[in-house]
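Asks: Supplied in structure tokens, the structure appears directly below.
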Amino acid sequence: MAQETARQTGSQKAFDLSNPDLRDWLRIVDAAGKLRVVKGADWNLEIGALAEMVCLESSDPPCLLFDEIKDHPAGWRVVNHAVPSMTLAAMLLGLPPSQNHLELVKAWRQRMQSLKHVPVRIEPDGPVLENTWRGADIDMFRFPAPFWHEDDGGRFIGTGDVIITRDPDNGQINVGTYRMQVLDRDKLGLYIAPAQHARLHRDRYFERGQKMPVVAVFGTHPLLFQASSMKMPLGVNEMEWVGGVLGQPVEVIEGPITGLPFPANAEIVVEGFIDPSDLMDEGPFGEFTGYYASAMRKETFVKVEAVYFRNDPIIHGAQMMRPPGETHRARQIINDAETWAGLEAAGVPDVRAVASVPVTCNGMVVVSIRQRYSGHAQQAGMITAQTIGLQLGRYVVVVDEDIDPSNVDEVLWALWTRSDPETSLTIVPNCRSQPLDPRLSPDRRITREYIGSRAVIDATRPFHWREQFPKVVGTSADLQAKMRSKWGEDFFE
Ligand SMILES: Cc1cc2nc3c(=O)[nH]c(=O)nc-3n(C[C@H](O)[C@H](O)[C@H](O)COP(=O)(O)O)c2cc1C
Ligand SMILES: [Mn+2]
């Protein structure tokens, strides 16, 4: 691998750039022994199936770098599962190496407090400009975009992508991850769910009868992908957040056609426009929920005006599969830290830890508190219920401080023994949902009424009689220490 990377990074031009790029990251993954190069796979179903099966069947799935893809030149690659361990997720975020989710959430909370956003720096040139296609040269089918799942509507080049748009009212830049289907040589589907930032931008252009300029990036450092696929406040330029985490500005080129900035060291970049009056069939696509939740529909699309790419470009893919799949550990660390910070900002005291249940993609969150007053648990639960899982949150479980919220067994034990379904459950109706929600009823899909409910489950000991709650069985710390010293550590292995 090392040799190949050296050959493929060898650019003809020297660029005075200092940002790490996707290739630097893959070298780190390789050095950690977590990179597997796969040669000869077919873009048609094989990449997707292999990525899914490795995730399901390996206890420690590696990053897969597909090369020599059928029908495509050697060197034009697809990478999947680019952050394949907790230690690498910690490294990506600049945190100390740790395997412990709660420790990482705490470390990230500290980091957040001092994180300053850093404006981007405009560069005249960069490796992404090594190749340019315009006009009749444009052919998106020349990239090895996978046909991921058997019932997809086509090839999706954009899964782990980065889409850059500008608010026409105030000029603010947004970076978001939204799926992109190759519809034609110069046409790319773009599915943006309601309330996403690029959707708000799009609505504003369309209300004025204008086309929306779009830049799409397929392949960039995974830190920008993480930022792009996370909900930050509207108005935040996610590249400035990345600059803050990197401790240096993200180096960008301003697109000659759209004026939109894109990373100078990206792998593949497209500039184009969405015309409000042009529609094409988009989807279906197997989604992160584990379902094909939206059928083929008419959608607006990006008409591609220019394509820039590095020599031997790498598409950054993210296999969408039934969870737990390609794990998004870095995002989970950040989400849990954000939920915790939100609770504190709302004035909820004594939050001990927050952890989302990985298989629910942040749709079920557990908050552990040290109860201080009656109603404390309900307060923590109700506030969390409106911030979890973006539009696809469902359940919040509040537990006492003796329960580790990242340990599903402990959480379910508390749920079973400390909650009473009749009195511990609060249902909150009319909360946000979205078209990808598998449980959205057919009626609501037609009327576009994207709402669902949340449940808050209080699995703490009832506050007013907590002192009378039966005592937990377990060997005391004191007795444990005695046993260890008498019988030795080996006894317990
Ligand atoms: C791999 C991946 C693919 C995603 N695909 C889509 C998508 O197709 N459409 C969408 O609206 N959101 C998608 N999302 C979720 C958005 O990226 C996420 O909500 C993000 O906050 C959007 O950026 P914004 O907050 O700036 O709008 C995806 C997330 C991930 C991790
Ligand atoms: Mn945003």
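Asks: Does Gly286 satisfy the criteria of being part of a loop (DSSP other than H, G, I, E, B) and over 23 Å from Val365 (Cα atoms)?
Replies: So Gly286 passes the test.
Asks: Among Leu183, Leu190, Leu200, which is under 29 Å from Ala89 (Cβ atoms) and modelled with pLDDT of 95 or more?
Replies: Leu190
Asks: Of everything in segment 222-252 that's acidic (Asp, Glu) and more than 10 Å from ligand 2 (Cβ to nearest atom), which residue is nearest to Val175 (Cα to Cα)?
Replies: Here the answer is Glu240.
Asks: Say we look at segment 75-125 and pick out the residues that are closer than 18 Å to Glu338 by Cβ and assigned to a loop (DSSP other than H, G, I, E, B); which of these is farthest from the chain's Cα centre (by Cα)?
Replies: So the residue we want is Lys116.
Asks: Could you list all residues from segment 102-111 that are surrounded by 14 or more Cβ atoms within 10 Å (Cβ to Cβ) and not aromatic (Phe, Trp, Tyr)?
Replies: Of everything in segment 102-111, those that are surrounded by 14 or more Cβ atoms within 10 Å (Cβ to Cβ) and not aromatic (Phe, Trp, Tyr) turn out to be Leu102, Glu103, Leu104, Val105, Lys106, Ala107, Arg109, Arg111.
One line per residue, one yes/no per condition, for (1) without any contact (Cβ under 8 Å) to a residue 40 or more places away in the chain; (2) touching a Leu at 6+ places or on another chain (Cβ under 9 Å); (3) not in a loop (DSSP other than H, G, I, E, B):
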position	(1), (2), (3)
Thr258	no, no, no
Ala266	no, yes, no
Ser294	no, yes, no
Val302	no, yes, yes
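Asks: With hydrophobic (A, V, I, L, M, F, W, C), within 17 Å of the chain's Cα centre (by Cα), modelled with pLDDT of 95 or more and closer than 28 Å to Val118 by Cβ as the only criterion, which of Phe262, Phe218 stands out?
Replies: Phe218
Asks: Among the residues of segment 149-159, which ones are over 16 Å from Arg310 (Cβ atoms) and not in a loop (DSSP other than H, G, I, E, B)?
Replies: Of everything in segment 149-159, those that are over 16 Å from Arg310 (Cβ atoms) and not in a loop (DSSP other than H, G, I, E, B) turn out to be Phe156, Gly158.
Asks: Just one of the numbered conditions (1) touching an Asp or Glu at 6+ places or on another chain (Cβ under 8 Å); (2) more than 15 Å from ligand 2 (Cβ to nearest atom) is not true of Asp151; which one?
Replies: Failing condition for Asp151: (1).
Asks: Considering Phe301, Phe285, Phe309, which residue is surrounded by 16 or more Cβ atoms within 10 Å (Cβ to Cβ), more than 22 Å from Ala89 (Cα to Cα) and within 11 Å of ligand 1 (Cβ to nearest atom)?
Replies: Phe285
Asks: Considering only segment 131-148, how many residues are touching a strand residue (DSSP E or B) at 6+ places or on another chain (Cβ under 7 Å), under 21 Å from Leu22 (Cα atoms) and in a helix (DSSP H, G or I)?
Replies: 1
Asks: Let me ask you something else. Please indicate, with yes or no, whether at least one residue in segment 114-121 is modelled with pLDDT of 95 or more, crowded, with 18+ Cβ neighbours inside 10 Å and within 16 Å of ligand 2 (Cβ to nearest atom).
Replies: Yes, segment 114-121 contains a residue that is modelled with pLDDT of 95 or more, crowded, with 18+ Cβ neighbours inside 10 Å and within 16 Å of ligand 2 (Cβ to nearest atom).
Asks: One residue is enough: does segment 461-469 have a residue meeting the conditions out of contact with any Cys (no Cβ under 9 Å at 6 or more places or on another chain), under 30 Å from Met296 (Cα atoms) and part of a loop (DSSP other than H, G, I, E, B)?
Replies: Checking segment 461-469: not a single residue is out of contact with any Cys (no Cβ under 9 Å at 6 or more places or on another chain), under 30 Å from Met296 (Cα atoms) and part of a loop (DSSP other than H, G, I, E, B).
Asks: What number of residues within segment 432-450 are within 20 Å of Ala385 (Cβ to Cβ) and either of a type in the set (Phe, Trp, Tyr) or in a loop (DSSP other than H, G, I, E, B) (or both)?
Replies: The total comes to 9.
The values are calculated or read from the model by the stated rules, or taken from the named source; none is laboratory data. In this text, all values refer to a predicted model and were calculated from it rather than measured experimentally. Cβ sites come from the backbone with ideal geometry, for glycine too, and all protein chains shown count toward neighbours.
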